[in-house]
Amino acid sequence: MATTYTISDLAQEFDLTTRAIRFYEDMGLLQPERTGPGGRNRSYSPRDRTRLKLTLRAKRLGLSLNEAKDLIDMYDSPRDTVPQLQKFLVVLAEHRQQLEAQLADLQATLDEVKTHEKDTRTLLSKASKSKA
């Protein structure tokens, strides 16, 4: 018999709320088997566990859930891996460009803060000397 996981198992393992896991399910990232009265009980397969792990990795990289789903879905297909890897490179390159732009914006803001700090210290020094 194959190993299965409950929603609580996955929530505990990945330090997530069950609500987050249900959200990933609603996004189509996970597809648990439904059992029990009215299909209320979820039974997650090792495939679901792997997809959740990959989703969280993609999130840490800053990818959107839609980007993560597209990439993960590609790996589920039995097709050649070359197009999958090419797509992954495109997504990573776009994301890197976004991060580099954000980094440049942050650096500009930090430089501006440093300038204001220097100017304020100069004004404070002059004000202190004029009172003395």
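Tell me, what is the FRET efficiency for ASP105 and ASN66 to the nearest 0.05, using R0 = 25 angstrom and their Cβ-Cβ distance as r?
0.55
Rg over Rh of segment 79-132, using C-alpha atoms and the Kirkwood radius, what does it come to?
1.57
Would you mind checking the tilt of helix 46-61 against the longest principal axis of the Cα atoms of the chain, expressed as 0 to 90 degrees and rounded to 10?
Tilt of helix 46-61: around 10 degrees.
Dividing the convex hull volume of the alpha carbon atoms of segment 30-128 by its residue count, what do you get in Å³ per residue?
150 Å³
Between the helical axis of 65-76 and the dominant principal axis of the chain, each derived from Cα atoms, what acute angle in degrees is found, rounded to the nearest 10?
Orientation of helix 65-76: about 40 degrees from the principal axis.
Out of GLY62, GLY28, GLY39, any idea which swings most in a Gaussian network model of the chain, alpha carbons joined below 10 Å?
Maximum among the listed residues: GLY39.
Looking only at ARG121, ARG42, ARG57, which one moves most when the chain is put into a Gaussian network model with springs between Cα atoms under 10 Å?
Result: ARG121 has the largest fluctuation of those listed.
Taking only DSSP H segments of four or more residues, each worth -39500 (n - 2.57), what value at 222 nm results for the chain once the sum is divided by all its residues, to the nearest 500 deg cm²/dmol?
After summing the helix terms and dividing by the residues of the chain, the value is -25000 deg cm²/dmol.
Which residue, VAL91, VAL82, VAL113, has the most motion in a Gaussian network model of the chain that connects Cα atoms within less than 10 Å?
It is VAL113.
Rule-based calculations on the coordinates, nothing more; no lab input. None of these values were measured; they are calculated from a predicted model. Using ideal geometry, Cβ is built from the backbone for each residue, glycine included, and neighbour counts are taken over all protein chains shown.
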